[in-house]
Amino acid sequence: MDETKKVALILAGGSGTRFWPLSKPSFPKQYLRLFGKRSLIQHTWDRLTTLCKPKDIFVCSGRSQARHLKSQIPRAKTIFEPSACNTGPAVLLSMLEILSKGYPPSTVVGVFPADHYIVNTPGFTQILNRAFAVAKSTQGLVTLGIVPLSPQTGYGYIEAGAAHDSGARKVAQFVEKPEREKAEAFLKKGGFFWNSGIFVWQLGAILEAYRILAPNEFEAFSQARTPRAIVKAYQTLSPLPVDKMILEKASNVFVVPAEMGWSDVGSWSSLQELKTLDENLNCLEAESTAVVESEGCYLHAPGKTVSLIGLKNVVVVAEGDSLLVCAKASDQWVGKAALALKSQKGEQRDLLKRNRKR
């Protein structure tokens with residue numbers, strides 16, 4: 001395996017809505033310091049330096065994040081998308097860019113979301129080295145399947161099929177986020193894994209998959225030789241995740257089971273599950289607090305004095321002049337609320353402009 005070049009790609013897109021008001025479109029979740037002094041993307045970078053040399057780690061992002069990337073990951077090699085268009089186009093753009101840098105088609109590339117949390121870094125390194133070896137030996141497309149701990153409905157699932165000589169298992173099917181009853185059936189049956197969004201493949205193998213399975217996208221990018229042409233090509237692309245654009249259609253997809261303390265940190269309630277809690281299952285991040293008859297609450301209000309009285313399973317987040325209060329069971333709606341507030345501010349700006357012109 002040492003003879004094969006290894007590259008890592010960090011996907012750092014994101015709209016910055018699920019962790020409003022802490023995150024914003026110009027400062028999404030991956031730049032937040034939710035665990036200690038390092039941000040999520042910095043933790044991701046740190047983990048990947050155990051797999052690859054820093055000079056072989058790329059970050060795909062939007063130009064609106066360039067300042068934050070330079071500040072937090074100054075050594076990163078950046079690939080900028082002209083617009084947000086999901087992971088299918090982002091991965092294709094990045095693979096072609098890596099190829100153009102002189103990396104041979106035999107290069108094994110790992111693709112990683114920027115904003116995931118992993119407790120066991122040594123376990124992560126061991127599992128990824130195994131996935132790199134599988135990608136090399138099979139010339140297939142490899143995904144990491146997280147061994148499920150509970151019947152989660154917020155994750156997509158991967159059903160594993162027959163065992164392969166490489167030690168991995170062929171993927172039987174990808175399953176959309178299921179209802180609770182179906183998720184429980186998956187765990188009871190066994191052989192189902194959470195879809196981590198972490199992929200490994202040879203550079204030539206994934207580009208060939210795009211050529212066959214996403215010919216329109218492949219052709220559009222292959223003919224785009226200038227930044228202006230890439231912008232034009234992006235306007236014609238299907239905004240699909242790489243799972244749907246490629247992996248669900250491919251026949252040479254393998255899953256490597258993974259246990260490494262993984263979370264996609266997809267909501268305020270999932271963040272609370274990773275925090276240290278008090279005897280009433282509260283997580284309190286504030287200058288000072290008075291908590292009366294309250295349990296299961298997440299409070300984030302640094303520098304502020306806050307009292308929680310008679311609350312159960314509530315999220316309270318104060319940031320600047322913005323305040324979020326919601327039931328934990330409803331925190332999946334935070335993104336929609338953030339977008340609604342953004343729309344309102346846009347309408348207010350338009351109204352002010354019209355009034356000035358009168």
Q) Would a scan of region 180-199 turn up a residue that is assigned to a loop (DSSP other than H, G, I, E, B) and either touching a Cys at 6+ places or on another chain (Cβ under 6 Å) or without any contact (Cβ under 8 Å) to a residue 40 or more places away in the chain (or both)? A) yes
Q. Just checking, how many residues over region 61-93 are within 15 Å of the chain's Cα centre (by Cα) and open to solvent by 80 Å² or more (accessible area, probe 1.4 Å)?
A. 1
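Matching residues to (1) among the charged types (D, E, K, R); (2) surrounded by 15 or more Cβ atoms within 10 Å (Cβ to Cβ); (3) at pLDDT below 90; (4) touching a His at 6+ places or on another chain (Cβ under 8 Å):
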residue: HIS164; (1), (2), (3), (4): no, yes, yes, no
residue: PRO178; (1), (2), (3), (4): no, yes, no, no
residue: SER196; (1), (2), (3), (4): no, yes, no, yes
residue: ILE212; (1), (2), (3), (4): no, no, no, no
residue: ARG225; (1), (2), (3), (4): yes, no, yes, no
residue: ARG228; (1), (2), (3), (4): yes, no, yes, no
Q | Candidates PHE27, PHE58 - the one that is open to solvent by less than 50 Å² (accessible area, probe 1.4 Å), in contact (Cβ under 8 Å) with a residue 24 or more places away in the chain and aromatic (Phe, Trp, Tyr) | A | PHE58
Q | Restricting region 4-24 to residues that are open to solvent by less than 10 Å² (accessible area, probe 1.4 Å) and within 27 Å of LEU51 (Cα to Cα), the residue that is farthest from the chain's Cα centre (by Cα) | A | VAL7
Q: Look at ILE212 and say whether it is under 23 Å from the mean Cα position of the chain (by Cα) and outside any loop (DSSP other than H, G, I, E, B).
A: no
Q: Please tell me if THR49 is modelled with pLDDT of 95 or more and crowded, with 22+ Cβ neighbours inside 10 Å.
A: no
(Q) Given the criterion touching a helix residue (DSSP H, G or I) at 6+ places or on another chain (Cβ under 8 Å) and free of Cβ contacts under 8 Å to residues at least 24 places away in the same chain, identify the matching residue among ARG38, ARG47. (A) ARG38
Q) So which residues in region 1-27 are under 23 Å from THR87 (Cα atoms) and either out of contact with any strand residue (DSSP E or B) (no Cβ under 8 Å at 6 or more places or on another chain) or part of a helix (DSSP H, G or I) (or both), if there are any at all? A) GLY14, SER15, THR17, ARG18, PHE19, SER23, LYS24, PRO25, SER26, PHE27
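The values are calculated or read from the model by the stated rules, or taken from the named source; none is laboratory data. These numbers were taken from a predicted model, which means no experiment stands behind them. Reconstructed Cβ throughout: ideal geometry from the backbone, glycine too, with neighbour counts over all protein chains shown. Protein only, heavy atoms only, side chains kept; ligands, DNA and RNA dropped before computing areas. Shrake-Rupley method; radii C 1.70, N 1.55, O 1.52, S 1.80 Å.
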